[in-house]
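First comes the structure, then the notes that go with it.
The values are calculated or read from the model by the stated rules, or taken from the named source; none is laboratory data. Because the structure is predicted, anything quoted here is derived from the model rather than measured. Here the Cβ positions follow ideal geometry from the backbone for every residue, glycine too, while neighbour counts run over all protein chains shown.
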Amino acid sequence: MHGVRNRFARNFSGADRPLEVAGHGSAVAMLHGRRFNAAMNKYFAAGLWSCFALLGACAHAPPTHNPMATWVPSQNFNERRPVIIVLHATEQKSVQQSLDTLRSANRGGKVSAHYLIGGDGHIYQLVDDSKRAWHAGGGSWGTITDLNSASIGIEIDNERGEPYTDAQIASIIRLLEDLCTRLNIPRTQVIGHSDLAPTRKVDPGARFPWKTLADAGFGRWPQGALVDPPAGFDPWLAMAAIGYPLADRAAAVRAFHQHYRAQDDGENPQPLFDAEDVRILYALNVSAVAPAQ
């Protein structure tokens, strides 16, 4: 419909019409007029057929209301909306390979994401913000257990271990600003894939600059000077309060180290919290429960 409407606009504006000639009653003017009218009739007929086709498609669309019930509409509702943003790394060789993977089936099944950020910072959108993309898989964050239904997924073109480009980080910050503002997503609700699924995922990895995002106002980051917590402070309760799933505590520590210490523990089966980890956890929890300014 937009193409048909644009063609009409060009013709009615005169941009595509033949040049006017002297003597409106001349045969030349009449010839031009006939050509113009014929062209207009052609475009008008095409437009009508397009409209009929669209109406026919609508007429055959499946009903959106349950046939078992009487439809008595209420205006007291709103659209389902995401409440969290998940950042991923593609771990593939090129943005084109990632575009192909995110739009087709692969050996692990169909996957997708709402956005993909190229190495040059170019932003691609693959799924509408209001739709459920298949990017998070199994996992949880706080009380959210179906992340795909509650989140926006952003893939970043990056092979594991490679640094992220300045252009990518600038585009991510720009995109986060848009999403959090437009969709009313809390700015603290920006996490990594490994945060919600620490037993399965390691992306976006220890080289992702979470501090840079935090300086721009996104995600959780300890504020102010780090201090020792009071006696009785429980780091595991603090981890749960932030959102980390604790079914596998070693995996949760590895994910925490990637996010807040830029540290890759590899396959270490028994990573431990050190004193700095505990100070970070205490600061994160203090900021999480602090009253809004």
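Residue 120 meets all of the listed conditions (1) in a loop (DSSP other than H, G, I, E, B); (2) modelled with pLDDT under 95 but one, namely (2).
Just one of the listed residues (264, 203, 228) is closer than 18 Å to residue 169 by Cβ, assigned to a loop (DSSP other than H, G, I, E, B) and among the acidic types (Asp, Glu), namely 203. The residue that is surrounded by the most Cβ atoms within 10 Å (Cβ to Cβ), among those in the stretch 196-213 that are under 13 Å from residue 89 (Cα atoms) and within 18 Å of the chain's Cα centre (by Cα), is 204. The residues listed here are 106, 158; of these, the one that is at pLDDT 95 or above and in a loop (DSSP other than H, G, I, E, B) is 158.
Among the residues that make up the stretch 243-260, is at least one of them in contact with a Pro (Cβ under 8 Å, 6 or more places away or on another chain), in a loop (DSSP other than H, G, I, E, B), surrounded by 20 or more Cβ atoms within 10 Å (Cβ to Cβ) and touching a residue at least 12 places away in the same chain (Cβ under 8 Å)? Within the stretch 243-260, one or more residues are in contact with a Pro (Cβ under 8 Å, 6 or more places away or on another chain), in a loop (DSSP other than H, G, I, E, B), surrounded by 20 or more Cβ atoms within 10 Å (Cβ to Cβ) and touching a residue at least 12 places away in the same chain (Cβ under 8 Å).
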